[in-house]
């Protein structure tokens, strides 16, 4: 898998699959939007405001997933001194950051009709805000630091520290009394969401995952070109 | 039907603003990433055009450079 993202193979792969990923993303997103906004039923309690879930939940899942991958690869940067790992984490961060902001903003919009407030210093919401801050610090560490090795170490350190926040986000609704509802979709336990609502949720998650893949491929290609541009001067 | 979709039982403002914010964020991220990619490709082409013959031969031998050049307008390869 890691070899698949070897810089020498990547450009070829990216150019072949980028258009395919984009086309797939548009198709799946259209399907997801139709399901989420038109075909799925309203909730008996929350009425149509429940539709916000179809953008809020996938964004939160993907931002968490991306940060987990970044953190695990950051261990690899320290242990194996693999520079390709840091190239991958650097390319993953922008989409993860945008997804965390989308989760926060749409959660805030959903909070107003549901809880009567735009914001609460609730454990789940605050830990999600912390995740966005970790993403921001990670991206800024690459922007501010001119020395690549130093930027690699600082960003990896931020990602590893940020990993502590991931289980806090996941279990915050169980560990503390929060405004936020417990998870309705579980892998190991029974899912409490009806299939008519689970379908658009799964489709939207697939669309968002394809989008993050697309952005990752483009960003990785850009980073690779930056390296090759420097290399061209040294030929 | 259309009015129902727009109004969403009085939650239209919340639902539509959430979806629009998400799609605008996606569009913004896509455009910024694409522009950066184009900028780097152009920079590469510009740098490649000023290389002397020996360096062009050396670049041609490397697979990664061939891949980059295959997707730019440079016709030296």
> For residue B:17 and residue B:46, FRET efficiency with R0 = 51 Å and r from the beta-carbon atoms, rounded to 0.05?
Replying inline: 0.75
>> As an exercise, use a Förster radius of 45 Å and the Cβ-Cβ distance of residue B:9 and residue A:80 to find the FRET efficiency, rounded to the nearest 0.05.
In response: 0.25
> Is it possible to state the helix-based mean residue ellipticity at 222 nm for chain A, with each DSSP H run of 4+ residues giving -39500 (n - 2.57), the sum divided by total residues, to the nearest 500 deg cm²/dmol? What is it?
Replying inline: -26500 deg cm²/dmol
> Full extension from residue A:147 to residue A:72: what is 0.36 nm times the residue separation minus their Cα-Cα distance, to one decimal in nm?
Replying inline: 24.7 nm
> What is the fewest-to-most order of A:55, A:202, A:28 by other Cβ atoms lying within 10 Å of their Cβ?
Replying inline: A:202, A:28, A:55
> With a 10 Å Cβ neighbour count serving as the proxy for reagent exposure, in which order, fewest first, do A:149, A:43, A:122 appear?
Replying inline: A:149, A:43, A:122
> Separation between the residue A:129 and residue A:108 pseudo-spin-labels, each 7 Å from Cα along Cα→Cβ, expressed in nm?
Replying inline: 0.9 nm
> How far, in nm, would the chain grow between residue A:171 and residue A:194 when pulled straight, counting 0.36 nm per residue and subtracting the alpha carbon separation?
Replying inline: 6.0 nm
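Read-outs throughout are calculated quantities, based only on the coordinates presented, and are distinct from any laboratory measurement. The structure presented is a predicted model; accordingly, all values stated were derived computationally and were not measured. Ideal geometry is used to build each Cβ from the backbone, glycine not excepted, and the neighbour counts take in all protein chains shown.
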